[in-house]
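Contents: one structure, followed by commentary.
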Amino acid sequence: MNDEIRKSVRRVDAVAKASGLAKYISDYDFGDILYARLVRSTRPRAKILSVTVPELPEGYYYVDYRDIPEKGKNRIQMIKDDWKVFAEDEVRYVGETIALLIGPDRERILNILSEIKIFYEDREPAYTIEEALACKGGAMVGDDNIYGEYNLVKGDPDTAFNNAARVVEGTYRTGFQEHLYMEPQGMVGTWEGGRVNIYASAQCPYYIQKSVSSALGVDGKNVRIKQVTTGGAFGGKEHFPDVIAVPLAVAVNKIKKPIELIFDRIEDISYTCKRHPSRITIKTALDKENNITGMDIDTVINGGGYESSTLIVLQRALLHGIGVYNIPNAHVRGRAVATNTFPSDAYRGFGAPQGLYAIEMHMSQVAKEVGMFPADFKRKYFIKNGDMTITNATMKDNVKLEEMFAAADEMSDYTRKIREYENDPYRGIGISFVNHGGGFTGNGEQEIIKGLVRMKRTGENRAALYVSNVEMGQGLQTVLRKIAAKELGLKYTDIEYDNPDTDIVPDSGPTVASRSTMVVGYLIQECAKKLKGKWDEGVGAEAEHRYIHPSEYKWDQDTLQGDAYPTYGWGINVVEVEMDTVTYEVKTTGIWSVFDVGIPMDDTIMDGQVSGGVIQGLGYASIEKCEVLDGRFRQHTMADYVIPTSMDFPEIKNKFIDNPYKYGPSGAKGAGELVFDAAAPAYADAVQQLTGKNIYDIPVTPEMIMELEE
Amino acid sequence: MAKTSFILNGEEVSVEADPLKRLLDVLREDFEALGVKEGCGEGECGACSILLNGKLVNSCMIPLGAVEGADIVTPEGLRETEKGKVIIESFADTGAVQCGFCTPGMMMAAEALLEKNNNPEESEIREALSGNLCRCTGYDLIVKGVKTSAERGKDLW
């Protein structure tokens, strides 16, 4: 049965997209439309003294915090509601929304924009983790600039360090990363049926509905969100669309006309959220026989000007911070700091890539200290079924890392090559081991989401599925159809599944956290079983199914103890590189991967996820440099923020190891983020092996290698 | 404003517009060629790729005034041809399409390559696609899509 569902089918959206017939937000004609531009802060940290707006021509509007209805509030209701819809008296980052300027002519809007004068009283900004911890310019949040702190303790790490024969320490840093979905952020707001409607390129229609309705002070049903075909997202269209949808909704509510807000690329790179930069210090206690007895991990991430979802990202960084290892005594500490950079937010992996990068580099460096090759050393500590996790629950997965390593080794010839390359100044090979918890952390699927799906028989041999999860390139519209079709004994093309509209679909949760196939797919599978039981009721028969957390997984969100995730995807990457010893340019000559995603729901779609995730991860590791200069992202065009092209990396050789999960549809687990996680540490490990010098920071640029070598 | 005439997908057309207007905007706004996508507006991403006198170009970098008398093919034209259909079907069958925003441009790049070289090596395909960025696929399945197009359409190019 599983062999049947994994068989590749043609994606339902492929032909329309390849032909150029699929319509993205900029392809729709809303008739007589107005255009909006954001009036943004030009200062990283300042008090707004006054704003001078020139007299506006007929048909032009300036919309700011004063336009928020009395019942509403000037807050964006995301995970934390500290981010304002429109800045009032202070700004915390360059690009913060102060107002919207709206009118019928785009050129004229730009002219008026240049005449708007904002008077500021500047304060000294803090951009880096170090500056934030030192409260440069005075604390901006609380009295210490810390949004939140968590500590996870397993065993007795203090005793382990007191009794250690030696301690190995390293500090690892990762930078901002831009999503660079090919379609920039965009949406159109309209006034239809006496309420605000938003058509958006987005991952989470119900997130937008919640933030818009809360800011306007209306019931959720008084706001309609329709997702339109979305040209890539990677987490960048998880919360950020709320940041522009809410001001747009305030404007539509005031003007009652259709308004378009679509970013150009420079705006998109300059003024959207990035991956959280991190600084992670790891200390490892070793006994006389060079066994690890304890570990101390201190993680700090840069949340930027507002908290938003930062603490949830931090939690995931900590929960993945000890990687795939069973360390008897460990302390994992995490803090998120407030700075005057653009607020950081969701990005494929959601904190896990930072934690996994640091632990993987550190474990390789400890291996070197004790005179072992990285894989040989790391394998001694692989967590197994029944071992205690960092949150003091037993590992419930049947962990197949040894089998996966054997497959990776056979494909890549890692064990032979790493010995052969030991004294080779031109060639190197690296390896990384990762896992990724699928779905929301702990019992979040039950406590926060309570996902609900609905299905309906719509014809003799047809059914429709209603979910709020979106196709954004990952193949969901095909995969969920396959899952439903399998249960109903129909063809996947006989299942209807439109881009979600909050008027039509129930809230099955956001399209995030590698949950859509594993969690929502399972709900669809169970719902389809119910519908099958009602099939004889005829066309129109309906069934619903709501998420119930499996009782064997316990979690306490206050203490972060218990089963952090019901199951994990597992992954191994091997990367082989060559270096030009004159220019220090690194060329990747081989990429191998092995993944346990439970059962792939479509082999070709999963191959596409693997290639896309690994290459995005290799970009993060090597070329995607994003620095802050005077509060602005220095790389803000596609000419200077570079992503991998078709020539930068060779073809990936991948293998899946089957390991079905009982609460996943046909055994599937989450996969979309897992495939990103392993690439950066494998690449940096390869360069580290080649140069014989420890690598601490990514991206690993030729300039960095030159400094290490000299 | 000036009148500019050119051949668009095999038909003679003309438009009254500012000769400095970007060809990308002319194609999208005046001719509803919505398969031409704006990904960056600075000639880096290739989402707005078209064929101009048989050559693959970024339409965001070309002013209308420069195309007087030119022969222009957009995804709207290519998809109606036998070659275009082979590329679309091959892309669909190999899993080359994910979010789809880069795909019409990729299709133009594939056509431009196959016109010159109907049996390309993998390295030649990678080079031919290198001006078209994709963030979803990691390119492997697009490369496969172009290879499959060449195999299936070997009598066409």
If each K or R counts +1 and each D or E counts -1, the residues other than A:M638 whose Cβ falls under 9 Å of its Cβ total -2
Förster-model FRET efficiency, 35 Å R0, A:N222 and A:S551, C-beta, rounded to 0.05
0.40
With only Lys, Arg, Asp and Glu charged, each at its Cβ (+1 for the first two, -1 for the last two), find how big the charge dipole of the range B:81-152 is about the Cα centre; round to the nearest 20 debye.
180 debye
Report the gain in length on full extension from A:V370 to A:N290: 0.36 nm times residue separation, minus Cα-Cα distance, nm rounded to one decimal.
28.2 nm
Can you tell me the length gained on complete extension of the stretch A:A393 to A:E537, counting 0.36 nm per residue apart and subtracting the Cα distance?
47.3 nm
Residue (of A:T174, B:W157, A:G155) at the positive-pole extreme of the protein assembly as shown, dipole from beta-carbon charges
A:G155
By a straight-distance test (C-alpha under 14 Å), which aspartates and glutamates pair with A:K221 as possible cross-link partners, with residues fewer than eight away in the same chain excluded?
A:E192, A:D501, A:D503, A:D507
Residues of the range B:131-157 with accessible area at least 30 Å² lower in the all-protein-chain context than alone (1.4 Å probe)?
B:L133, B:R135, B:C136, B:G138, B:Y139, B:D140, B:L141
Could you pull out the trypsin sites (Lys or Arg not before Pro) across the range A:619-710 that fall in loop regions by DSSP (anything but H, G, I, E, B) with no more than 11 other Cβ atoms inside 10 Å?
A:K662
In 10 Å bins starting at zero, report the fraction of Cα pairs in the range A:444-546 per bin as a rounded %.
17, 54, 26, 3
Spin-label point model (7 Å from Cα, Cβ direction): what's the A:D32 to A:A165 distance in nm?
8.3 nm
For the range A:1-134, with all protein chains present and a 1.4 Å probe, just round the carbon and sulfur fraction of the accessible area to a whole percent.
46 percent
Projected area averaged over orientations for chain A, convex hull of C-alpha atoms, nm²:
30.8 nm²
Would you give the gap between the C-alpha center of the range B:101-157 and the C-alpha center of the range A:297-343, rounded to a whole Å?
41 Å
Where Lys and Arg each count +1 and Asp and Glu each count -1, what net charge lies around A:I225 among other residues with Cβ under 13 Å from its Cβ?
+1
Which translational diffusion coefficient, to the nearest whole µm²/s, is obtained for chain B from the Stokes-Einstein equation, given a Kirkwood hydrodynamic radius over C-alpha pairs, 10 °C and 1.306 mPa s?
102 µm²/s
For the protein assembly as shown: accessible area per residue (Å², 1.4 Å)
35 Å²
What number, in percent, do you get for the relative contact order of the range A:580-710 if the mean sequence gap of Cα pairs under 8 Å and at least 6 apart is divided by its residue count?
41 percent
Going by a 1.4 Å probe on protein heavy atoms, which residues of the range A:9-24 end up with at least 20 Å² less accessible surface in the whole assembly than in their chain alone?
A:R10, A:R11, A:A14, A:V15, A:K17, A:A18, A:S19, A:G20, A:L21, A:Y24
On a 23 Å Cα-Cα criterion, which of the cross-link pairs A:K486/A:K662; A:K486/A:K534; A:K237/A:K529; A:K136/A:K283 come out too long?
A:K237/A:K529; A:K136/A:K283
Quick one: of A:K532/A:K669; B:K83/B:K154; A:K17/A:K625; A:K256/B:K21, which pairs are farther than 20 Å apart, Cα to Cα?
A:K532/A:K669; A:K17/A:K625; A:K256/B:K21
Would you please calculate the Kirkwood hydrodynamic radius of the range B:2-74 over all C-alpha pairs and express it in Å, rounded to one decimal?
11.8 Å
State the Cα centre-to-centre distance between the range A:218-245 and the range A:1-52 in whole Å.
9 Å
So for chain A, averaging the separation of alpha carbon pairs under 8 Å that are six or more residues apart and normalising by length, what relative contact order in percent results?
16 percent
The distance between the Cα centres of the range A:682-710 and the range A:434-462, in whole Å, is 42 Å
Of the options A:G142, A:G232, B:A112, report the single residue whose Cα projects farthest towards the positive end of the charge dipole of the protein assembly as shown (beta-carbon charges: Lys, Arg +1; Asp, Glu -1).
A:G142
Just for the range A:578-706, what percent of DSSP beta bridges are antiparallel, to the closest 5?
45 percent
Expected vector for the range A:183-197, Karplus 3J(HN,Hα) from phi with 6.51, -1.76, 1.60 and θ = phi - 60°, integer Hz, x for Gly and Pro, equals 9, x, 4, x, 7, 10, x, 9, 10, 9, x, x, 7, 7, 10
Computed FRET value (nearest 0.05) for A:N499 with A:N423, which takes r as the C-beta separation and R₀ as 41 Å:
0.15
Residues A:K47 and A:K256, FRET efficiency given R0 of 35 Å [Cβ-Cβ distance, rounded to 0.05]
0.55
So which helices of chain A fit the span-like rule, where a helix is a whole DSSP H run, its Cα atoms reach 27 Å or more along the axis, and its mean Kyte-Doolittle is at least -1.0?
A:603-622
So if the hydrodynamic radius of the range B:81-152 is defined as the Kirkwood radius over C-alpha pairs, what does Stokes-Einstein give as its diffusion coefficient at 25 °C and 0.890 mPa s, in µm² per second?
211 µm²/s
Under a point-charge model restricted to the Cβ atoms of Lys and Arg (+1) and Asp and Glu (-1), what is the dipole moment magnitude of the range A:531-610 relative to its Cα centre, in debye to the nearest 20?
180 debye
Residue by residue through the range A:65-79, what is 3J(HN,Hα) from phi via Karplus (6.51 cos²θ - 1.76 cosθ + 1.60, θ = phi - 60°)? Round to whole Hz and write x for glycine and proline.
4, 6, 8, 6, x, 4, 6, x, 8, 7, 9, 9, 7, 9, 5
Hey, if you put +1 on the Cβ of every Lys and Arg and -1 on every Asp and Glu Cβ in the protein assembly as shown, which of B:V73, A:A463, A:V15 ends up farthest toward the positive end of that dipole?
A:A463
Out of the range A:378-448, which chymotrypsin sites (Phe, Trp or Tyr not before Pro) are coil in DSSP terms and have no more than 14 other C-beta atoms within 10 Å?
A:Y426
For the range B:1-33, list residues with backbone N below 12 Å from a point placed 7 Å from the Cα of A:L110 toward its Cβ?
B:21-22
Shape call for the range A:252-305, from the Cα gyration tensor axes a ≥ b ≥ c (a/c under 1.5 means rounded, otherwise prolate when a/b beats b/c, else oblate), comes out prolate
Contact surface A-B: accessible area buried, both sides summed, square angstrom, 1.4 angstrom probe:
3700 Å²
Once you have a ≥ b ≥ c as the square roots of the Cα gyration tensor eigenvalues for the range B:56-108, tell me rounded if a/c is under 1.5, and otherwise prolate or oblate according to whether a/b is larger than b/c.
oblate
Gain on full stretching of the segment that runs from A:D3 to A:D630 - 0.36 nm per residue minus C-alpha separation
220.2 nm
For the residue pair A:D413 and A:N151, what label-to-label distance in nm results when each label sits 7 Å from Cα along the Cα-to-beta-carbon direction?
5.1 nm
As a percent rounded to 5, the proportion of antiparallel DSSP bridges among beta bridges in the protein assembly as shown is 80 percent
Dipole of chain B, Cα-centred, from +1 at each Lys and Arg C-beta and -1 at each Asp and Glu C-beta, to the nearest 20 debye?
340 debye
Kindly identify residues of the range B:78-119 having a loss of at least 50 Å² in accessible area between the isolated chain and the assembly of all protein chains, probe radius 1.4 Å.
B:R79, B:I88, B:A92, B:V97, B:Q98, B:C99, B:F101
Of all GluC sites (Glu not before Pro) in the range A:1-58, which ones are in loop regions per DSSP and have a Cβ with at most 15 other Cβ atoms within 10 Å?
A:E55, A:E58
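The values are calculated or read from the model by the stated rules, or taken from the named source; none is laboratory data. Please read all numbers here as calculations on a predicted model, not as lab measurements. Note that we place each Cβ from the backbone using ideal geometry, even for glycine, and neighbour counts take in every protein chain shown. What goes into the accessible areas is simple: the full protein's heavy atoms, side chains included, and nothing from ligands, DNA or RNA. Shrake-Rupley method; radii C 1.70, N 1.55, O 1.52, S 1.80 Å.
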